[in-house]
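Written below as structure tokens is the structure these notes are about.
The values are calculated or read from the model by the stated rules, or taken from the named source; none is laboratory data. On a predicted model such as this, the values are computed, not experimentally measured, just so you know. Using ideal geometry, Cβ is built from the backbone for each residue, glycine included, and neighbour counts are taken over all protein chains shown. Side chains included, ligands, DNA and RNA excluded: accessible areas come from the protein's heavy atoms. Shrake-Rupley method; radii C 1.70, N 1.55, O 1.52, S 1.80 Å.
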Amino acid sequence: MSDLFSSAGLETEAPRPLADRLRPQTLDEVVGQDHVLGPTGPLGRMLAQGRLSSLILWGPPGVGKTTIARLLAEKAGLEFDAISAVFSGVADLKKAFDRARARRQAGRGTLLFVDEIHRFNRAQQDGFLPVAEEGIITLVGATTENPSFELNAALLSRCQVMVLKRLDAEALEKLLKRAEAEEGTTLPLTEEAREGLIAMADGDGRYMLNLAEELIALEPEAPLDLKDLSSVLQKRAPVYDKDREEHYNLISALHKSVRGSDPDAALYWLARMLSAGEDPLYLARRIVRMANEEIGLADPGAVHAALAAKDVYEFLGSPEGDLALAQAVVHIACAPKSNAVYTAWKSALRTAKGTGSLMPPAHILNAPTKLMKEVGYGKGYEYDHDVEGGVSGQNYFPTEMGKPPTFYDPKPQGREAALLERLERFRAVRAERARRGD
């Protein structure tokens, strides 16, 4: 029996990466895919009935597609033959088909595993049809791309599509424990750093095991915290320092004067910087930034005033254009302040990075193909315009996140006061719907 790794020299005598040593030996050892492999899952039922049809395994990297295919061959009593669409062409396919025919004549079946099957063109995909229909091979293709768009309809009609999930935190934790048992040690991480390592993996078990192997090899004197983990596993760009402390001191003073709603101090620091020869367009860019960060939707006109000042300066130049910058500074210094959008954006970024590649809930996914409808895309979606009040209250976050987080918290001043009132109504509708559980 061959697989994708024997050709690379990853045999028993050769050094093997941790991820390969921990490759599951039975389907029961595969983590995170119980919805497919469990007793009630489609593959579990299929194997219990003693049959195995051609399949497409669709899922992100590092969730076990190759391993599942190999174990399916063992479970079904088939010879495992593997090719990769990245490195194979028509000649390789013909050789694989010939090997399968020879096995069939000898009374043995073949599971042909095709990694990255979406990379084969339409004509090459058609080549699988006759050998699959005749039973010469049981085809198992693996893809990270949506089969609806990347595979021929004729091929899809002959294969069942199994959707594999990105590994969740629980599954990744199981892999970490197996890695520690295999290496006979504990990962040198604090609890927070361990959670950070799982977040870095972003659902990819192979990648996480590679990181774990790197950490074990470090043998630090003390467990690494989250900051240490980031410095060890991520290359940070070097800090670029212009060595112009006065420049940064004065722009900080201007920014904080605006934030503190002191137009006089803001004008003073603006004048100091212009008098010292600071690039006026640099100041224009910073004023636009202040309007976004410090005022936001409390006065949506502030950013337009800042952009207008930049346009005026570019049109008039100094010294006449300097007055436009001064006018913008006074506008934003006197405007009602809110950093609600700025804070919400930072919080949303942190959450997005922490949750990785979670899928949107199925009911808000478009379903332009029959396959996508069959796997639940768009099921139960309510068109908000048709609902009384215009807000259905449905959940729009990934279901794995649990209770939807709140990022944007408008301030009760300026234009945001009205937004706050509206959002409170909308959030009440969502909360009531969540309470009912529908």
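General observations
- A search for C-beta distances below 7 Å between a residue of the stretch 110-125 that is of a type in the set (D, E, K, R) and any residue that is part of a helix (DSSP H, G or I) and surrounded by fewer than 24 Cβ atoms within 10 Å (Cβ to Cβ), counting only pairs 6+ apart in sequence or on different chains, returns Asp115/Thr66.
- Residue in the stretch 412-428 that is in contact with a Leu (Cβ under 8 Å, 6 or more places away or on another chain), crowded, with 16+ Cβ neighbours inside 10 Å and outside any loop (DSSP other than H, G, I, E, B) present: yes
- Pairs linking a residue in the stretch 81-102 that is farther than 20 Å from Thr143 by Cβ to a residue that is assigned to a strand (DSSP E or B), with Cβ atoms under 6 Å and 6 or more positions apart or on different chains, are Ala100/Thr110.
- Ala324 vs. criteria aliphatic (A, V, I, L, M), closer than 19 Å to Pro263 by Cβ and touching a Phe, Trp or Tyr at 6+ places or on another chain (Cβ under 7 Å): yes
- Filtering the stretch 29-80 to residues that are among the basic types (Lys, Arg) and in contact (Cβ under 8 Å) with a residue 60 or more places away in the chain leaves Lys65, Arg70.
- Residue among Met372, Met401 that is closer than 30 Å to Ala154 by Cβ and open to solvent by less than 80 Å² (accessible area, probe 1.4 Å): Met372
- Evaluated against (1) open to solvent by less than 40 Å² (accessible area, probe 1.4 Å); (2) out of contact with any Asp or Glu (no Cβ under 8 Å at 6 or more places or on another chain); (3) in a loop (DSSP other than H, G, I, E, B), Val161 falls short on exactly one condition, (3).
- The residue of the stretch 41-51 that is nearest to Ile117 (Cα to Cα), among those that are open to solvent by 30 Å² or more (accessible area, probe 1.4 Å) and outside any helix (DSSP H, G or I), is Arg51.
- Looking across the stretch 247-289, the residues that are acidic (Asp, Glu) and either open to solvent by less than 20 Å² (accessible area, probe 1.4 Å) or farther than 17 Å from Gly321 by Cβ (or both) come down to Asp262, Asp264.
- Applying the condition of being of a type in the set (Lys, Arg) and under 16 Å from Ile216 (Cβ atoms) to the stretch 171-205 and asking which residue is most open to solvent (accessible area, probe 1.4 Å) yields Lys177.
- Taking the listed residues Leu112, Leu93, the one that is modelled with pLDDT of 95 or more, open to solvent by less than 30 Å² (accessible area, probe 1.4 Å), of a type outside the set (S, T, N, Q) and closer than 30 Å to Ala19 by Cα is Leu112, with no other qualifying.
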